[in-house]
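Read the figures in this text as sums done on the coordinates, not as results from a lab. Everything numeric here is computed off the predicted structure, so don't read it as measured data. With ideal geometry, Cβ positions are generated from the backbone for all residues, glycine too; neighbour counts draw on all protein chains shown.
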Amino acid sequence: MGDDRSEILQGTLDLMVLKTLDAMGPMHGYGIALRIEQVAENAMRVNQGTLYLCLVRLLQQKWLSATWGTSDNNRRARFYALTAAGRRHLQAETANWARVSGVMDRLLQLPKVVAP
Amino acid sequence: MTAALHRLLARVRALFTGRQLDRDLDDEVASHIQLRAEALERTGLAPDAALRAARMEFHGVTQLREAHRAVRGVPWIEVIVRDLRLAVRTLRRDAGFTTFALLVMGLGLGGTATVYSLVNALMLRPLPLVDAGRLAWIGNRADDGVAVWHIQANHLRDLQAQSRTFADLAGYYAYTKPDDVKVTSASGTERVSTVPVTRNFFPLLGVEPIVGRGFTQAEGDGNGPRAVLISHHYWQQRYGLDAGIVGRSIILDGLPSTIVGVLPASFDFGSLFAPGRVIDVFPPFPLNDNTNRIGNSLGVIGRLRPDATVEAAQAEMEVLAKALERAHPQRNTLRPLVDSLAVHVAGHLRTALTLLLAAVGVVMLIVCANLANLQLARAASRRQEMAVRVALGAGRIRLLTQAIAESLVLCGGGALLGLGVAVVATKAITSLDAFKLPLLSTVRVDLATLGVLAAMAIVAGVAIGIAPALQVPTLSPQNRLRDGARGSSEGRRAQWARATLVVAEITFACVLLVAAGLLVRSLESAMHVDLGFEPTQATALRFDPTWPDNEPARRTAYFDETLRLARATRGVEAAGLTDILPLEGTRSWAIQGRGQVYELGHYPEGFVRVVSDGYREAMGLRLVAGRDLTRDDASPSEPVVLVNESLARTIWPGQDPIGRFLKSDGLGSKFERRVVGVVADVRHRALESTAGLEMYIPIRQTRSYGGFYLVVRSSQPTAVLAPALRASLAPLAADMGGSQLRVLGELVDRAISPRRFTAMLLGGFAVFALLLASLGVYAVVAYGVSRRRQEFGIRLALGASPGDVQRRVLSDTLRLAIAGLAFGVPAAWLVSRLMRDLLFGVTPADPTTFAGMIAVLGAMALVAAYVPARQASRLDPTTTLRGVE
């Protein structure tokens, strides 16, 4: 793709969705996509299709719950909310992410070793 | 972990709620696009431009739906369900084919399941006894090494005490005859079948009375009060399952005994030790010097110690037997032969069962070949549908699974039908009381059978589906769409495949026909064997008189009276007495011609029959030399004996036996008998084995018999004879008890029943196979004719006569048949060699059977080809050439 915005790694999107709902409260799918792109400041694009696949997966794992409601501008929309299990999973995954990203940072900053 | 579980459950749930989930997704996507469009509108786009842009951004709604389904559900299951649904729809459209396929598959699978249940009960499942693997049978080899006798009481007692490999040994009296004991009660007399057993017999087998108890030490040793155990069957039939049965008195042959216990319904003595018989009462058989005198009379079983094997037991028994023979030279010889009990009970049926199993497997192969062929034909007629689907992008794998799904649906239906067939058939088998086959009552459709049925159905489904499925790659859309429109010929490959399947069917039918033919011919030879007596028109009635004293004159008078009354009956042509009926068991004594000396333990064994004058005529026994027994061969006169030809030949080879002397009443007896006549050999043990040395002792010159049978010869049917005989014998009714008139033909039938059973089953399979093969031939030939209409049209137009066309079709068919025979005859020849053990009176390469099979198959092929051949010859060239049909 002639686009320098990053594609999202599988699994990372899960974490983003969970964190977004944790921070913002119940939201519909479009809102979640919008929010992630705003936070990313256009450095990343969310494929809407992938987002809905991610949502159904999280729903089936009972980390999210979904209800039909009306949006701010009186449109029918499906709202997703974090469940207690989802919140616990988010905490665990956040800690995990911090650990992994720390390791990644250190690895990527390693200087080149020249053989003596 | 719980999340994964939730997900799994949700995915399975999604299989059923797919439609709702699709709707939800559609709504959600619509609302997403709506929201996006509104946002775009706010940036200044026109409403319809905003909507279009929003739709563009959300690329691939259809792909999303597919992906959504894959993520939320179990895609492969959904595919399978869709395939199965389509298969059911397709099959429903083709009702004729479906009915035929279901029927054929149902019969094939039903046969398989039935034979498997039989094999399972007789060969695979352990005997229905506690820890049956540790049970063994201890026989006693005869001098000839072939026959296996029973064991003497004192030998058993000593073996019990000395064996280290057996935890215990027990025995039952092996020589009781059906309806051997008279029961007297207030409601009259009846007869029951008894088998005396040693005290530890049931405990050793692990059979516990369900009511009451087993024998006490004193009862078992014959020192205590008389006690008996009764079978569950008898408890039900005679006492209506009366709970107060224990302690009740039963009068057996005039002597009161106490019923101390009832055996469980699960224990069927007959099915283990005396196939085809039902035993009612079990008295104890004490092991002492008195019972020892009966001779080799015990069937002996043992329970091996946990660390002992059959081989170790065999080795130990041989050592013990040698020592016992040395220590007790006066006893009978003991040449122990240890076998596991399962082998003793059903081991002799192994060949027959294996053959049946193989036969049913071959039947299934034919069924599969037949249905595969039909599927190929259907696939050919559906090539256009397939071509369209390929053109529309259906993947090969999907078309392949589709083809297999269809045959799996067929086989599933067939399996259900087969289950029904198997349930009915096994039920029928368990009710074959008169068949002399062990364990039949335990034949049933169980989980193992269900498993085999399901596995066979799946294998068959795949096998049938694979043939048309393999045709799929040859479908290139352009070609098929173009020439599929007209009835052009299918690929050479498909035709070749179909011919191969038919040839295979004929080959298999060949093998089955030969196997069945050989068995039927063996059955026939066994039925027409010279028995030495005439079973037709001979009937027997059992008498158990009680003699108040040992006065020989009283017995003689009794016999005279019995015979007089019998002979006076209307329609009775001859009447005589015997202590033993042919094919019902036998007993033997060591014999010795005067002046002949043998090493102890190597005396010839003579089979004893105690008979009266008139018996020879009543049985239709041929007199070869000398004279028959008469009324005057009674106690005070000279002891005489009739011998059979084998005895005469063996004891006095090349000499005239008449007038010679034979020590026939056991070596211990003081006197010798003078041979007065020679009679024909009687097949007394089995139809298939020749007679041993037989001797007929006058009933008025011995006391060595229990009850006796009155045998009468009459051309009257049993229904007329029985009441007449009963009426004239009324004065002796008390001694007959409730005994039934026994037709000797039935004894022969019973003896032949295992052979009949196998021949019947295999014959059924062969007929089924032949039918299927003929249908297969018909289908291929008819299809070939329909494909070659134009060719035949041209031939006819160019002047070929209808006869030419007909001959052409018939010769093509014959070519198939000949190819089938070319494989089938050698295969059948091999199989016939393997079943040599089952044959009697025919050689494995029996020319009649092989010729018959070839004739039958040839005729079948011609009959199957006749209708299509006629059709071909009646084609109208003008219509076929125009391609209008």
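Before moving on, here are some points about what is shown:
- Helices meeting the span-like rule in chain B (full DSSP H runs, Cα extent of at least 30 Å along the helix axis, mean Kyte-Doolittle score of 1.0 or higher): B:95-119, B:350-381, B:396-430, B:447-471, B:492-527, B:744-787, B:847-873.
- Dipole of the protein assembly as shown, positive end: most advanced residue of A:Asn74, B:Gly361, B:Val624 [Cβ charges, Cα centre]: A:Asn74
- Extent along principal axes [Cα atoms of region B:720-849; Å; largest to smallest]: 93, 36, 20
- Gyration tensor verdict on region B:512-648 (Cα atoms; rounded if a/c is under 1.5, prolate if a/b is larger than b/c, oblate otherwise): oblate
- Note on chain B: helix-only mean residue ellipticity at 222 nm, from DSSP H runs of 4+ residues weighted -39500 (n - 2.57) and normalised by residue number, equals -17500 deg cm²/dmol.
- About the centre of its Cα atoms, region B:31-111 shows a dipole size close to 180 debye [charges on the beta carbon of Lys, Arg (+1) and Asp, Glu (-1) only; nearest 20 debye].
- Shape of region B:229-369 from the C-alpha gyration tensor: oblate (a/c of 1.5 or more and a/b not above b/c, with a ≥ b ≥ c the square roots of its eigenvalues).
- Listed residues B:Gly614, B:Pro636, B:Leu374: farthest to the positive end of the dipole of chain B (Cβ charges): B:Leu374
- For chain B, convex hull of alpha carbons as volume per residue, Å³: 249
- Neighbouring Cβ atoms from other chains, within 10 Å of the Cβ of residues in B:396-406, number 0 on average.
- Taking the Cα centre of region B:552-690 as origin and assigning +1 to Lys and Arg Cβ atoms and -1 to Asp and Glu Cβ atoms, the resulting dipole is close to 160 debye.
- Principal axis extents of the Cα atoms in region B:407-461, from largest to smallest and rounded to whole angstrom, are 41, 16, 14.
- Whole-percent pair-distance distribution, where bins are 10 Å wide, for the alpha carbons of the protein assembly as shown: 2, 8, 13, 14, 13, 11, 10, 10, 8, 5, 3, 2, 1, 0, 0
- Projected-area mean, region B:46-199, by convex hull of Cα positions, square nanometres: 27.2
- Averaged over the residues of A:46-58, the number of partner chain Cβ atoms lying within 10 Å of the residue Cβ comes to 5.
- Across peptide B:31-40, the average count of Cβ atoms from other chains found within 10 Å of a residue's Cβ is 5.
- Among B:244-255, B:621-632, the peptide with the highest mean count of other Cβ atoms within 10 Å heads the list, and the full ranking is B:621-632, B:244-255.
- Cα-based Rg and Dmax for chain A, where Dmax is the largest Cα-Cα distance (Å): 17.2, 70
- Dipole moment magnitude, nearest 20 debye, the protein assembly as shown about Cα centre, only Lys, Arg, Asp, Glu C-beta charged: 2940
- Chain B, relative contact order [Cα under 8 Å, separation at least 6], %: 14
- Rounded, prolate or oblate (a/c below 1.5 giving rounded, otherwise prolate when a/b exceeds b/c) for region B:1-101 by Cα gyration tensor: oblate
- Taken over the protein assembly as shown, lysine pairs spaced eight or more positions apart, or on distinct chains, with alpha carbons under 28 Å apart number 7.
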